[in-house]
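What follows is a set of notes on a single structure, which appears directly below.
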Amino acid sequence: MTNSSGSTSRYIDAANQFISVGGTQLAYRELGPRGGVPLVLLNHWGATLDNFDPPVVDGLAGTHHVIALSYRGIGLSGGTAPVTIDGMARDAIAAIRALGFGQIDLMGFSLGGFVAQDVTLKEPGLVRKLILTGTGPAGGEGIARVGAVSWPLILKGLVTRRDPKTYLFFTRTTNGRRAAKDFLTRLKERKADRDKGPSPRAFLRQLSAIQAWGRQTPQDLGRIRIPVLVANGDDDIMVPTQNSRHLARRIPGAQLVIYPDAGHGGIFQYHADFVPKALAFLAA
C-alpha cells in the first residue's frame, strides 16, 4: 500500500534498502510522507528490521517520514557488529548524513536508546527532538547485568519453545502475557523479504557493548538541550525502570511516561497510547 506521495504507508510492505557507510552496506526501511524532519528509529539488542513493532512504526509514519535503521553486522547489514555504543553511534551518524539529512528526530528503544543519546551528544545540531524508550544512561543501574538477567530467560524461551521476548519484554500478569502474545504475532505479519536473524557472534558483540555502556562513566546529560520524551513500563527487568526516571531527571525539561503493569516493552503493550503521545511530542 502506498500513500499519495508514492511512499509505502505500512511497515510490513516497506522495501529493504541499503546505504553505504565506510564501504559497508547498512540495511534500512522507510515509509511515510516525504518532506519535513525525518524520524529515525534505532532498535534493541539483536534486533533486525523485522523487530520494529508495526503499529508503532505505522502510527508514526502516518504524518512523518520514518526510517528504521539497522546496525552494522546485524541481519542484512554488512560488516562486523561494533562492541561499543560509540561505534554504533558513529555508524548511525554516518548513515544519516549519507541519506542526505541535515536534521532528524530520533527515537531509540533499549540499546537504540543508548545509541540515540550518544548520537545526540556527539552531534547536538543533528537531532531536533529525542524519544528514549525502555532505556537508560551510561553507567545506569543494572545495565551491566543485562546478560545475567537475560540468559536464564533466553534459556527458558528455548525450553518452553517461546520467543524469549515473552519473558524479557513483558510482565507475567494476565495483561503482560496477552500483550506479549499480541506483540509477537504482529512481528510475524510480514511474510515476504524478511530480514535475516542476528548471528550468535553479532548478538554477543552487541551484548559486550551494552555491558560496557553499563560500566561506563556517566555522560553529562545536562548538555542535551532539545525536547526529550522518555517512556518505559513500571517493571522493566532488562533496563530497570529507575533508569528512565534518572534520564528524565538529568535531561533538562524531559517528559516522562511510565506505563503500569508493563515491562521493557511497555511502548508495545501500550502502543495505542504511546503513538499519540509521541506524535503530540513531535508536533509541539
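The values are calculated or read from the model by the stated rules, or taken from the named source; none is laboratory data. Since the model is a prediction, treat every value here as computed from it, not as a measurement. Glycine gets a Cβ as well: all are built from the backbone with ideal geometry, and neighbour counts include every protein chain shown.
Among the candidates 68, 94, 98, single out the residue that is modelled with pLDDT of 95 or more and touching a Lys or Arg at 6+ places or on another chain (Cβ under 6 Å). Before the answer, list the steps.
Numbers: 94 fails: touching a Lys or Arg at 6+ places or on another chain (Cβ under 6 Å); 98 fails: touching a Lys or Arg at 6+ places or on another chain (Cβ under 6 Å).
Going through 68, 94, 98 in turn, the sole match is 68.
Could you tell me how many of the residues in the stretch 38-61 are touching a residue at least 60 places away in the same chain (Cβ under 8 Å) and farther than 19 Å from residue 113 by Cα? Give the derivation first.
Filtering the stretch 38-61 down to residues touching a residue at least 60 places away in the same chain (Cβ under 8 Å) leaves 38-51, 53-56, 59-60.
Still in the list and also farther than 19 Å from residue 113 by Cα: 55, 59.
Residues that pass the stated criteria total 2.
Results for (1) touching an Asp or Glu at 6+ places or on another chain (Cβ under 9 Å); (2) buried (at least 17 other Cβ atoms within 10 Å of the Cβ); (3) under 16 Å from residue 140 (Cβ atoms); (4) modelled with pLDDT under 95, shown as yes or no for each residue.
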{"residue": "173", "(1), (2), (3), (4)": "yes, no, no, no"}
{"residue": "183", "(1), (2), (3), (4)": "yes, yes, no, no"}
{"residue": "194", "(1), (2), (3), (4)": "yes, no, no, no"}
{"residue": "207", "(1), (2), (3), (4)": "no, yes, yes, no"}
{"residue": "215", "(1), (2), (3), (4)": "no, no, yes, no"}
{"residue": "225", "(1), (2), (3), (4)": "no, no, no, no"}
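What single numbered condition from (1) under 15 Å from residue 106 (Cα atoms); (2) in contact with a Ser or Thr (Cβ under 9 Å, 6 or more places away or on another chain) fails to hold for residue 258?
Tallying (1) under 15 Å from residue 106 (Cα atoms); (2) in contact with a Ser or Thr (Cβ under 9 Å, 6 or more places away or on another chain), residue 258 fails exactly one: (1).
Select from the stretch 78-113 the residues that are of a type in the set (A, V, I, L, M), part of a helix (DSSP H, G or I) and under 21 Å from residue 34 (Cβ atoms) and write down the one among them that is farthest from the chain's Cα centre (by Cα).
Going residue by residue through the stretch 78-113, those that are of a type in the set (A, V, I, L, M) are 81, 83, 85, 88-89, 92-96, 98-99, 104, 106-107, 111.
Still in the list and also part of a helix (DSSP H, G or I): 85, 88-89, 92-96, 98, 111.
If we keep only those that are under 21 Å from residue 34 (Cβ atoms) too, we end up with 92, 95-96, 98.
Values: 92: 12, 95: 16, 96: 16, 98: 20 Å.
Result: 98.
Of the residues 201, 162, 190, which single one is closer than 28 Å to residue 27 by Cα, in contact (Cβ under 8 Å) with a residue 60 or more places away in the chain and not in a helix (DSSP H, G or I)? Can you show your working first?
Working: 201 fails: not in a helix (DSSP H, G or I); 162 fails: in contact (Cβ under 8 Å) with a residue 60 or more places away in the chain.
On inspection, the qualifying residue turns out to be 190.
Is it the case that residue 140 is more than 24 Å from residue 270 (Cα to Cα), touching a residue at least 40 places away in the same chain (Cβ under 8 Å) and surrounded by fewer than 17 Cβ atoms within 10 Å (Cβ to Cβ)? Break it down into steps so the answer makes sense when it comes.
Details: more than 24 Å from residue 270 (Cα to Cα): yes; touching a residue at least 40 places away in the same chain (Cβ under 8 Å): yes; surrounded by fewer than 17 Cβ atoms within 10 Å (Cβ to Cβ): no.
Judged against the criteria, residue 140 is not a match.
Looking only at the stretch 157-167, decide whether some residue is buried (at least 16 other Cβ atoms within 10 Å of the Cβ), within 25 Å of residue 39 (Cβ to Cβ) and at pLDDT 95 or above.
Yes - at least one qualifying residue is present in the stretch 157-167.
Being surrounded by fewer than 21 Cβ atoms within 10 Å (Cβ to Cβ) and in a loop (DSSP other than H, G, I, E, B) is true for just one of 35, 73. Which residue is that?
On the way: 73 fails: surrounded by fewer than 21 Cβ atoms within 10 Å (Cβ to Cβ).
Within the list 35, 73, the selection yields 35.
Would you check which residues across the stretch 114-139 are part of a loop (DSSP other than H, G, I, E, B) and of a type in the set (Ser, Thr, Tyr) and list them? So that I can check it myself, show each step before the final result.
Taking the stretch 114-139 first, the residues part of a loop (DSSP other than H, G, I, E, B) are 123-126, 134-139.
Answer for the stretch 114-139, where residues must be part of a loop (DSSP other than H, G, I, E, B) and of a type in the set (Ser, Thr, Tyr): just 135.
Only one of 242, 211, 255 is more than 30 Å from residue 75 (Cα to Cα), of a type in the set (S, T, N, Q) and surrounded by 15 or more Cβ atoms within 10 Å (Cβ to Cβ). Can you tell me which?
Working: 242 fails: surrounded by 15 or more Cβ atoms within 10 Å (Cβ to Cβ); 211 fails: more than 30 Å from residue 75 (Cα to Cα).
Sole residue among the options that is more than 30 Å from residue 75 (Cα to Cα), of a type in the set (S, T, N, Q) and surrounded by 15 or more Cβ atoms within 10 Å (Cβ to Cβ): 255.
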